[in-house]
1. Assign unit charges at the C-beta atoms only (+1 for Lys and Arg, -1 for Asp and Glu), then state the dipole size of region 122-176 relative to its Cα centre in Debye, rounded to the nearest 20.
2. Could you pull out the pairs from Lys69/Lys152; Lys87/Lys168; Lys69/Lys168 whose alpha carbons sit more than 22 Å apart here?
3. By counting other Cβ atoms within 10 Å of each Cβ, how are Val92, Val83 ranked from fewest to most?
4. Return the tail of the calculated pair distribution for region 64-114, meaning the percent of Cα-Cα pairs more than 11 Å apart.
5. Could you list which residues have their amide H under 5 Å from that of Thr147, counting only those 5 or more apart in sequence or on another chain, with H placed in the peptide plane?
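Laboratory data are not the source of any read-out in this text; all were calculated from the coordinates shown. None of these values were measured; they are calculated from a predicted model. Here the Cβ positions follow ideal geometry from the backbone for every residue, glycine too, while neighbour counts run over all protein chains shown.
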Amino acid sequence: MKKIFTLMTLVVLVLSSCQMSPEADAKMSGGQEDQATFEKQIETHTTFAKAFNEENMEMLMSTVADTLKWSPAFYNENKILGVEDFKSQIQVYFDQFDEVTFHPGEGLINEDAPAYWAGSHYSSGEGMVTSSPNGMRVYGTWSAIHTETGAKIYNKYYGVLNFNSDNKVAEISDWMDISGMQAQIENHVANN
């Protein structure tokens, strides 16, 4: 009996003292490779935002896949749109606004919270927990100047972007207050 107790104690001590090396932990969870992919995706979004600010359609469209699926922020009976619809809407923004700028993380209650997130530790969908960086969530505020009136507008933004193997945005689901943009423009006109 004493030998069994000693053996069990030894097993418990060995198991409790075992810790996974950072390299093994990283390998199991996708770690360094997933982190590198995630950082590339942030760069892609940064290029997207820069192209928006510069009104550079070619640069902006180089960040999205030709097979893009887009769920816009405005209500459209929940129809999924394609790359040409997306490009057309971007042109509307180019035509109606100047100095379109994305402010990562702005508008979050916790000012230290990051603007970019990926993977999920919890999910209400069975089997949906993932460490994959390919479903990236983006939080921030877009600002712009309405070309016709000079109104400075701000729009809090949340988006879910999925990337393909070429690190291009393959899917976008946008959420922002489109009518709030119009309200800010109307308020500017009424007060000037």
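1. Numbers: 4 positive and 5 negative charges, 45 e Å.
In debye, rounded to 20, region 122-176 gives about 220.
2. Details: Lys69/Lys152 30 Å; Lys87/Lys168 15 Å; Lys69/Lys168 12 Å.
Cα-Cα > 22 Å for Lys69/Lys152; rest within.
3. Val92, Val83
4. 76
5. HN-HN under 5 Å from Thr147: Phe97, Asp98.
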